[in-house]
Amino acid sequence: MTCVGTSINLQTNYFDISRSNGKFLIEDIPDGKYKLKTSAIGFHDLGKEVEFIANSKKQIQLKIEEAIIDLPLIEVNAQSGTGGFLGSLSLPG
C-alpha cells in the first residue's frame, strides 16, 4: 500500500513528505547515524536507525502499519429555527 503524505523526519532539520507514489527524497545529509521517524494519520509511527555517508545515495524502503482507532458513537440532533424537532442520527465511530 502506498501511503501519500507521510512525514519522514531524521529528527533534525532534514525531512520530507511522501509524494503520490509514496516516494520521498532528503538531500545533503551530513555523515552520521540518525533516527528516521515516520508519521501519518491512520498509521502507526515507525522509527528506524539509519546511517548516511556523504556523497552517496541510500534507498530506504519502509513498511508502516495501519492503526485502527475505535472511536465513540456520535449522535447528531437537528432542530428547526421555530423549535420543531427534525430528526436524530446515530453514527458509529
Checklist outcome for this item: With x for Gly and Pro, the residue-by-residue ³J(HN,Hα) of segment 32-42, computed from phi through the Karplus equation 6.51 cos²θ - 1.76 cosθ + 1.60 at θ = phi - 60° and given in whole Hz, is x, 9, 9, 9, 7, 10, 10, 8, 8, 5, x
Checklist entry - Each residue of segment 54-63 in turn: what ³J(HN,Hα) in whole Hz from Karplus with 6.51, -1.76, 1.60 and θ = phi - 60°, glycine and Pro shown as x? => result 3, 6, 10, 10, 9, 9, 10, 10, 10, 10
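Would you please name the GluC sites (Glu not before Pro) within segment 34-67 that are DSSP coil residues with at most 11 other C-beta atoms within 10 Å of their C-beta? Write down the numbers at each step before the final one.
Details: sites: GLU49, GLU51, GLU65, GLU66; in loops: GLU65.
Passing sites in segment 34-67 are GLU65.
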Item to check | Table column - 3J(HN,Hα) (Hz), segment 11-19, Karplus curve with 6.51, -1.76, 1.60, x for Gly and Pro | outcome: 6, 9, 8, 9, 7, 7, 10, 5, 8
Next on the checklist: Counting heavy atoms of the protein chains only and a 1.4 Å probe, report the per residue accessible area for segment 3-82 as a whole number of Å².
Outcome noted: 81 Å²
Checklist entry - At THR12 and ILE68, where each label point lies 7 Å from the Cα along Cα→Cβ, what is the point-to-point distance in nanometres? => result 3.9 nm
Checklist entry - Between LYS58 and THR2, what length comes free when the chain is fully extended (0.36 nm per residue of separation minus the Cα-Cα distance, one decimal in nm)? => result 18.2 nm
Item to check | Three-way shape label, segment 1-54, alpha-carbon gyration tensor, a/c 1.5 | outcome: prolate
Next on the checklist: Can you give the local net charge around LYS57? Use residues other than it whose beta-carbon is closer than 15 angstrom to its beta-carbon, Lys and Arg +1, Asp and Glu -1.
Outcome noted: -3
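The values are calculated or read from the model by the stated rules, or taken from the named source; none is laboratory data. As the structure is a prediction and not an experimental result, all values here were calculated from the model. Cβ atoms come from the backbone with ideal geometry, glycine included; neighbour counts cover every protein chain shown. To get the accessible areas, we keep the full protein, side chains included, count just its heavy atoms, and leave off ligands, DNA and RNA. Shrake-Rupley method; radii C 1.70, N 1.55, O 1.52, S 1.80 Å.
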